[in-house]
């Protein structure tokens, strides 16, 4: 969701790439649904490993997994590392309506916190891409 949101709202200044330490191989259907409510289509997204980006220089690497301090790898490449953790909405339980509410909540938190952070950094960045890691 973060990759889609950054590229949608801040695409003129930032290019986001999303990767994880344990990629699932797909984008959760409720994430697709929650983002579609904002007019953002992430249906063709894919889940991939951080290894895919280990040789790319980034201005900023934002870790978004809620347990990043314990479970996300140390980023040893270029770029400032910022942790902005969120609960994993894919772990939500209950009926679809309740699970979708969690996806919406995390989506809205991402919009507020990550886009705000990158807007603040935007004036100081050069042309390197940003990376969002879950």
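The values are calculated or read from the model by the stated rules, or taken from the named source; none is laboratory data. All of these numbers come straight from a predicted model, not from anything done at the bench. In this analysis, Cβ positions are derived from the backbone assuming ideal geometry, glycine residues included, and neighbour counts consider all displayed protein chains.
Within the range 70-83, is even one residue over 14 Å from residue 35 (Cα atoms), under 13 Å from the mean Cα position of the chain (by Cα) and at pLDDT 80 or above? First the steps, then the outcome.
Just the residues of the range 70-83 that are over 14 Å from residue 35 (Cα atoms), to begin with: 70-83.
Checking the rest, the ones that are also under 13 Å from the mean Cα position of the chain (by Cα) come to 82-83.
Next, only the ones that are at pLDDT 80 or above stay: 82-83.
Within the range 70-83, one or more residues are over 14 Å from residue 35 (Cα atoms), under 13 Å from the mean Cα position of the chain (by Cα) and at pLDDT 80 or above.
Number of residues in the range 20-50 that are modelled with pLDDT under 90 and under 27 Å from residue 97 (Cα atoms) equals 9. Residues considered: 67, 127. Of these, the only one that is more than 16 Å from the chain's Cα centre (by Cα) and modelled with pLDDT under 85 is 127.
Confirm whether residue 39 is in a loop (DSSP other than H, G, I, E, B), touching a helix residue (DSSP H, G or I) at 6+ places or on another chain (Cβ under 9 Å) and without any contact (Cβ under 8 Å) to a residue 40 or more places away in the chain. Before you say what the answer is, go through the steps one by one.
Working: in a loop (DSSP other than H, G, I, E, B): yes; touching a helix residue (DSSP H, G or I) at 6+ places or on another chain (Cβ under 9 Å): yes; without any contact (Cβ under 8 Å) to a residue 40 or more places away in the chain: yes.
Taking the combined requirement at face value, the residue satisfies it.
With the structure loaded, tell me whether residue 34 is under 18 Å from residue 107 (Cβ atoms), touching a residue at least 60 places away in the same chain (Cβ under 8 Å) and in contact with a helix residue (DSSP H, G or I) (Cβ under 8 Å, 6 or more places away or on another chain) or whether it fails that test. So residue 34 fits the description; yes.
From the residues in the range 4-19 that are at pLDDT 90 or above and under 18 Å from residue 109 (Cα atoms), which one is surrounded by the most Cβ atoms within 10 Å (Cβ to Cβ)? Only one residue tops the list, namely 6. Considering 110, 62, the condition of being modelled with pLDDT of 85 or more, in a strand (DSSP E or B) and within 15 Å of residue 7 (Cβ to Cβ) is satisfied by 62 alone.
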